[in-house]
Amino acid sequence: MSQFINGKLVEGTTDETMDVIDPSNGETITTVTLAGSNDVDRAVQAAKDAFPAWSRATPAERSAVLTKLATLMEERAEEFAQLESRQAGKPIRLTREFDVPGTIDNIAFFAGAARNLDGKATGEYSPDHTSSIRREAIGVIGSISPWNYPLQMAAWKILPAIAAGNTIVLKPAEMTPLTSLLFAEVATEAGLPDGVVNILTGRGSTVGAELLRHPDVDMVSFTGSTAVGRTVLEAAATTAKRVHLELGGKAPFVVFDDADLEAAIHGAVAGSLINSGQDCTAATRAIVHRSVYEKFIVGVAGLYAKVKLGPTQDTATDLGPLVSETHRDKVAGMVERARGYARVIGGGIPDDGLAAGSYYRPALVADATPDSEIFRDEVFGPVLTVTPFDTDDQAIDLANDTPYGLAASAWTKNVYRALRATREIRAGAVWVNDHIPIISEMPHGGMKQSGFGKDMSTYSLDEYTVVKHVMYDLTGDKAKAWHRTIFTL
């Protein structure tokens, strides 16, 4: 079954099918029937019908469902880990230790956050009135999640929305829908009412586009490329929907001359290769002080050479395949073009026993200039550029020399440098002496062309609620003073 609508797994109503491929070996995991217009209407109607009762449920009632969901996810963690590994080509060690535990922690966090949706008593700012602020659910949320973290990103969309009392129709990436469908099944088993969460497997050009324009969808949340994000904004404008966007990134990794160089080298390897580099917050541009520049390159290249590519089911595997051959070839093309203007160390498509999968070896691109394609454009693969700087001003300028602003890191032992970097680097998150730690309590989201709005943390609840002002008359006076200043009745 390819869709989850109104509490049940059902087939899509189109004749179009799509194979879900294991990118580690090119084998078909399953074939899904894609959703069409009728399915969008059914899912949105189910969410609309479920909204009144779910939005009126008490915070304790919503919290209880999420708490039960976390328990059931724990019990089925290995099933989720295996399925996520196969559909997304992730090493099983990554899904067991990061993707699934991170999702369960996120559920547990929002189970608590659901009980802390405070309004505000604003007091008596008028002599004849008293005020209060209500925080209310928005309605039906139409969400679109990407293929790089299918389970976690689905959870990031679903959890704050339903914790706040909304209902949701989620379109996962058509290449990786399986854990989103299973998540909805388990949530229903946990007691989530029918229609609160609906999953549509379909193409962005059809299902996604219809969700964006549907008159009964009150808000859109999208994670994906900046180019598609612009399209989402345009489409949502036709019905004046609220929009939340988490878009591309080109994270700078700034290494000052006083940094712990060994720590920075290890951080660069982990930060650039997590999820095979298919991460908007991955370290992609190392901006390194000239005095330690060559040592940094030698250190990173040495560790890159030791990274183990291998079958995703092998617990010793460090780096899995890219999501598809098409995407791998895009990454390979950018690296090959860089050989014409930069120093490329490593990279390449394996021609050994991994050739059946979409694998690509880590590539270090040294001496990349700020105007080069590899420095400016999102690669979304296991590729790190390295560019030198001489002064702190140059380092900050290079870090900000990008249209993106999702994440960054600064490596230094000097507290003043650290404070300056966190203040002046334009990004939604700036880490100091680490790169890419993400936890449920802290917000995730960008600025500039990396989008706006937050995932995770209590800040995400601001995205999925509307503030309503309520004012009460205290006097019962039909001829109030302010009335008399406007009318002579």
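Would you mind getting the Kirkwood hydrodynamic radius of the chain from its Cα pairs, rounded to one decimal in Å? Hydrodynamic radius (Kirkwood, Cα pairs) of the chain is 23.8 Å. Projected onto its three principal axes, the C-alpha set of segment 125-272 covers 61, 52, 36 Å, listed from the longest axis down.
Averaged per residue, the chain has 40 square angstrom of accessible surface, using a 1.4 angstrom probe with ligands and nucleic acids left out.
Split the accessible area of the chain by element, probe 1.4 Å, and carbon with sulfur accounts for 53%. Phi angles across segment 64-79 convert, under the Karplus curve 6.51 cos²θ - 1.76 cosθ + 1.60 with θ = phi - 60°, into 3J(HN,Hα) values of 4, 5, 5, 4, 5, 4, 4, 5, 5, 5, 4, 5, 10, 4, 5, 4 Hz, Gly and Pro given as x.
Enclosing the Cα atoms of segment 217-307 in their convex hull gives a volume equal to 113 cubic angstrom per residue. With viscosity 0.890 mPa s and temperature 25 °C, the Kirkwood radius over alpha carbon pairs of segment 43-94 converts through Stokes-Einstein to a diffusion coefficient of 180 µm²/s. Here's the picture: charge each Lys and Arg Cβ at +1 and each Asp and Glu Cβ at -1 in the chain, and of SER324, GLY405, PHE296 the one pushed furthest to the positive end of that dipole is GLY405.
Hey, got a sec? Which chymotrypsin sites (Phe, Trp or Tyr not before Pro) in segment 244-344 land in a DSSP loop and have at most 16 other Cβ atoms within 10 Å?
Here the chymotrypsin sites (Phe, Trp or Tyr not before Pro) that fit, given the DSSP loop and packing criteria, are TYR341.
Counted over segment 100-181 with a bin width of 10 Å, the fraction of Cα pairs per bin, in whole percents, is 17, 36, 24, 13, 7, 2, 0. In this view, the solvent-accessible surface of HIS289, computed with a 1.4 Å probe and all protein chains in place, comes to about 30 Å². Segment 99-134 and segment 425-489 have their alpha-carbon centroids 11 Å apart. Put simply, the C-alpha atoms of segment 334-393 give a gyration tensor, and the ellipsoid matching it has half-axes of 26, 10, 10 Å, longest first. In a simple Cβ point-charge model (Lys, Arg +1; Asp, Glu -1; nothing else charged), segment 22-62 has a dipole of about 320 debye relative to its Cα centre. Other residues whose C-beta falls under 9 angstrom from the C-beta of THR223 contribute a net charge of -1, scoring Lys and Arg +1 and Asp and Glu -1.
Segment 326-394 and segment 153-203 have Cα centres lying 35 Å from one another.
Put +1 on the Cβ of each Lys and Arg and -1 on the Cβ of each Asp and Glu in the chain; which of SER276, SER24, PHE109 then has its Cα farthest toward the positive end of the dipole? The listed residue farthest towards the positive side: PHE109. For the chain, the Cβ-based charge dipole about the Cα centre amounts to some 1100 debye (Lys, Arg positive; Asp, Glu negative; other atoms uncharged). Mean projected area of the Cα convex hull of segment 399-484, taken over all directions, amounts to 10.4 nm².
Amide H to amide H, with H built 1.01 Å from N, THR176 comes under 5 Å of no residue 5 or more places away or on another chain.
With the highest mean first, a sort of the peptides 50-58, 123-131 on other beta-carbon atoms found within 10 angstrom per residue produces 50-58, 123-131.
The values are calculated or read from the model by the stated rules, or taken from the named source; none is laboratory data. The shown structure was predicted, so the numbers you read here are calculated from the model rather than taken from an experiment. Cβ atoms come from the backbone with ideal geometry, glycine included; neighbour counts cover every protein chain shown. We work out accessible area using only protein heavy atoms, side chains counted, and drop any ligands, DNA or RNA first. Shrake-Rupley method; radii C 1.70, N 1.55, O 1.52, S 1.80 Å.
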